[in-house]
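Here is the structure we will look at.
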Amino acid sequence: MWHKNLLHLYDQYHLTMKKIILFIIVLITATSCVSTKSTLKNVDDNAPDLILKKDNTFAITVFSKDKKYGYDPDYPVNIFYRNTKDEAVNESRFLNALAGPNGEKITYKRLETCCPFPTKRSDMGAGFLNVYELRWAGQKKPITLYLNVYEKGILMVPMGLSLKKG
């Protein structure tokens, strides 16, 4: 008789443990599906569409007064134009419009992709920033800019840079 009681206790213990494990799995699954909030601070879906000039660069008329604009991953240069499939082309259209602080010709190279964020303009539901290094003659240290092809914003010249003449 006592072994039946022991078996009953053992079954109750097993059933309770299974319920606890199932609860933990459901809890983990539910919390992992919660979308993350974007850390981008300068997205503006009401920003005017970008305009392409005859020299295949974007028309830029505004100079940023914010030191973080373009230099901080939370304040990237937002260059969404028509779709995200022309990512490298649109980045070049922005970068080729820029010059060094005194009009110097700049060179640039893509360093990495970083900083995932949620976006509706990607099939994956996530976008990434592309990180570029800019150099020009007489420069002490190269600068790093963060570019975002997934979101819109007011397109500006980052502080410390100018527009290419011509």
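Summary of computed values
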{"read-out": "In segment 63-109, residue least open to solvent (accessible area, probe 1.4 Å) [restricted to those that are part of a strand (DSSP E or B) and of a type in the set (F, W, Y)]", "value": "Y81"}
{"read-out": "Search result, residues across segment 48-62 that are more than 18 Å from G100 (Cβ to Cβ), among the β-branched types (V, I, T), part of a loop (DSSP other than H, G, I, E, B) and in contact with a strand residue (DSSP E or B) (Cβ under 8 Å, 6 or more places away or on another chain)", "value": "I51"}
{"read-out": "Residue tally, condition among the basic types (K, R) and in contact with a Phe, Trp or Tyr (Cβ under 6 Å, 6 or more places away or on another chain), over segment 129-159", "value": "1"}
{"read-out": "Qualifying residues in segment 20-61 (those that are modelled with pLDDT of 85 or more and of a type in the set (S, T, N, Q)) - the one farthest from S92 (Cα to Cα)", "value": "N46"}
{"read-out": "Residue count, segment 126-149 (criterion: open to solvent by less than 70 Å² (accessible area, probe 1.4 Å), part of a loop (DSSP other than H, G, I, E, B) and free of Cβ contacts under 8 Å to residues at least 40 places away in the same chain)", "value": "2"}
{"read-out": "First in segment 36-60 and closer than 12 Å to G153 by Cβ and without any contact (Cβ under 8 Å) to a residue 60 or more places away in the chain, second anywhere and open to solvent by 40 Å² or more (accessible area, probe 1.4 Å) and assigned to a loop (DSSP other than H, G, I, E, B), Cβ under 7 Å, 6 or more apart", "value": "K41/D74; K41/Y75"}
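The values are calculated or read from the model by the stated rules, or taken from the named source; none is laboratory data. Computed from a prediction, not measured in an experiment: that's the story for all the values here. Every residue, glycine as well, gets a Cβ built from its backbone with ideal geometry; the counts of neighbours run over all protein chains shown. For accessibility, only protein heavy atoms count, side chains too; no ligands or nucleic acids. Shrake-Rupley method; radii C 1.70, N 1.55, O 1.52, S 1.80 Å.
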